[in-house]
Amino acid sequence: MSKSILIRNGRLIDPAQEIDAVTTLAIKDGKIAAIGNQTPKSADEVIDAAGLIATPGLIDMHVHLREPGFEECETIETGTAAAAAGGFTAVACMPNTEPPLDNDAAIEFVLRQAARAASTRVYPIGALTVGRQGKELAEIGLMVRAGVIAFSDDGTGVADTGVCLRAMRYVSMFDRLFIQHCEDPSLAGGGCMHAGPTATRLGLPAIPAAAEVVMAQRDIALAGEAGVRYHVAHVSTARTVELVRRAKQEGRRVTTEVTPHHLLLTDEACGSYDPQFKVNPPLRTRADVDACLAGVRDGTIDCLVTDHAPHGREDKEREFQHAPFGMIGLELALPLFIEALVTPGLITWPRLIAALSTRPAQLLGVTGGGLQVGQPADVTLIDPQREWVIDAEALRSKSRNTPFDGRTVHGRAVGTLVDGEWRHRDEALRAM
Ligand code: DOR
């Protein structure tokens, strides 16, 4: 176990300090010790990072770790190992477990399991309502005391307007982020893909774009009333992106996030009838994808997330209509975001890292997001050139459900440090 580490010759990108330079990063006793000229000449371990990018640890603010209740799909141990392998030093996990994370004991359980797993940091997101049923408010105050950093009923939205406003008021008292899965059940109910020509051709019940748009629109009005910081989960439609853009222009505290699949795939992919493409919100149209890309480009979309949603093989092999929604993403997100955003020149590397680290840290109010001296040494080393072929069978996650299996991608996390300790390290990472 190294006490001091020097990472030399790498391109250091820290959006929090506006650093983008080839320089040295020094780590000592689990903290960032120095950057650049101030760094010592030697250390217990010296890494030659020539050709690599060193960044503040990536933070995924939207994952499903499935524990408790669905340990056959993922556990906190396997999910955080997958996260570290994907370059993430922290994940925020959604409460749609069984039982749901709607009380302080459940939160304490997650934090205990995370400490035992000793991979990435884990930030639990508490349920807004008891059992995620959308009726009675959950013990929000007790969950804050237990360590919850944000609230959501993700997997479903809070449909009842009165309950939603009460939940927003309660969450705002603790200055936690209110994350909504925007989907009006009376419009979406029973749908399994985007409502468009492909769904019509397949004869499948569909989820219209309006299901997302109307809830986001209602919520933006409610959030203003409640004074809560409001965040649209996994945005998928052009009209929702536009709503968030306008809300920001009006100075409202509204933010959002997008997944790799909503930047790379359209509903036409579901034409293959392959349930690997079934996800919620559903894959949308080319115009929606373009609007999401433009939203990242102009900063309307704040964060990049995976919505890592592991499901067992047998479940995902059911016919499209009956298969569960979701795809895994922790080990694939980085190259997929590079492909969608950096390679075509929509955003720069510093912008990518800001959306994958600095911004989520700010929204969640957690450690990380920057490499300031004295901060915990949560660092990701990325080989931006590495070409590799996604092999679902080779992933650390317990589940294999990805539509990107077999895709050739570029860019890979080769080292992940949490508190200055290696939690993932590629064989190719050379010591000097
Ligand atoms: O596709 C999805 N899967 N969307 C969600 O909102 C929930 C998630 C899950 O938990 O499987």
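Throughout, read-outs are computed from the coordinates displayed, never taken from laboratory work. As the structure is a prediction and not an experimental result, all values here were calculated from the model. As a convention, Cβ positions derive from the backbone with ideal geometry for all residues, glycine included, and neighbour counts pool all protein chains shown.
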Taking the Cα-to-Cβ direction at ARG297 and at ASP426 and moving 7 Å from each Cα, how far apart do the two end points lie in nm?
2.9 nm
Summing -39500 (n - 2.57) over every DSSP H run of at least 4 residues in the chain and dividing by its residue count gives a helix-only mean residue ellipticity at 222 nm, to the nearest 500 deg cm²/dmol, of -7500 deg cm²/dmol
Tally the DSSP beta bridges in the range 54-202 and give the antiparallel ones as a percent, rounded to 5.
10 percent
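Determine the relative contact order of the range 210-276: mean sequence separation of Cα pairs under 8 Å and six or more apart, normalised by residue count, in whole percent.
31 percent
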Using the Karplus curve 6.51 cos²θ - 1.76 cosθ + 1.60 with θ = phi - 60°, what ³J(HN,Hα) values do you get for each residue of the range 210-215, in whole Hz, with x for Gly and Pro?
4, 4, 6, 5, 5, 6
Taking 22 Å as R0, compute the FRET efficiency from the Cβ-Cβ separation of GLN217 and GLN249 and round it to 0.05.
0.90
In µm²/s, what is D for the range 284-422 at 4 °C and 1.567 mPa s, where D = kT/(6 pi eta Rh) by Stokes-Einstein and Rh is the Kirkwood radius from Cα pairs?
77 µm²/s
Hey, if you put +1 on the Cβ of every Lys and Arg and -1 on every Asp and Glu Cβ in the chain, which of PHE88, PRO281, ALA114 ends up farthest toward the positive end of that dipole?
PHE88
What's the exposure ranking of THR367, THR120, THR358, going from fewest to most Cβ atoms within 10 Å?
THR367, THR358, THR120
Vicinal HN-Hα couplings computed from phi for the range 122-128 (Karplus, 6.51 cos²θ - 1.76 cosθ + 1.60; Hz; Gly/Pro x):
10, 10, x, 9, x, 5, 7
Count the DSSP beta bridges whose two residues both fall in the chain, then state the antiparallel fraction as a percent rounded to the nearest 5.
50 percent
Please give the FRET efficiency for ASP274 paired with GLU387, using the beta carbon to beta carbon distance and R0 = 22 Å, rounded to the nearest 0.05.
0.30
Can you list residues from other chains, or at least 5 along the same chain, whose modelled amide H is less than 5 Å from the amide H of ILE301?
VAL296
Work out from phi, with θ = phi - 60° and the Karplus expression 6.51 cos²θ - 1.76 cosθ + 1.60, the ³J(HN,Hα) of each residue of the range 380-390, listed in order in whole Hz, and give x for Gly and Pro.
10, 10, 10, 9, x, 9, 4, 9, 8, 10, 5
Shape box of the range 226-325 [Cα atoms, principal axes, largest first, Å]:
46, 28, 18
May I ask you to list the GluC sites (Glu not before Pro) in the range 316-363 that are in a DSSP loop and have at most 13 other Cβ atoms within 10 Å of their Cβ?
GLU317, GLU319
What is the helix-to-structure angle for 104-117, meaning the angle in degrees between its Cα long axis and the longest Cα principal axis of the chain, kept from 0 to 90 and rounded to the nearest 10?
40 degrees
Measure off 7 Å from each Cα along the Cα-to-Cβ vector at GLN133 and THR343, then give the distance between these two points in nanometres to one decimal.
4.8 nm
Contour minus Cα-Cα span, PHE174 to ALA287, at 0.36 nm per residue, comes to 36.9 nm
Pop the C-beta distance of ALA21 and ASP48 into the FRET formula with R0 = 22 Å and round what comes out to the nearest 0.05.
0.85
Could you compute Rg(Cα) / (2.2 N^0.38 Å) for the range 137-279, with N its residue count?
1.12
Sparse-neighbour loop sites [GluC sites (Glu not before Pro); the range 187-281; at most 14 other C-beta within 10 Å; DSSP]
GLU250
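Sorted from fewest to most neighbouring beta carbons within 10 Å, what does the list SER119, SER186, SER272 look like?
SER186, SER272, SER119
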Cα centroid separation, the range 293-366 to the range 399-432 (Å)
16 Å
Provide PHE151, PHE109, PHE337 in ascending order of the number of other Cβ atoms located within 10 Å of each residue's Cβ, fewest first.
PHE109, PHE337, PHE151
Mind listing the long-range amide H neighbours of ASP184? Cut-off is under 5 Å, sequence gap 5 or more, other chains count too, H placed in the peptide plane at 1.01 Å from N.
GLU212, MET215
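Express the C-alpha Rg of the chain as a ratio against the empirical globular expectation 2.2 N^0.38 Å, rounded to two decimals.
0.94
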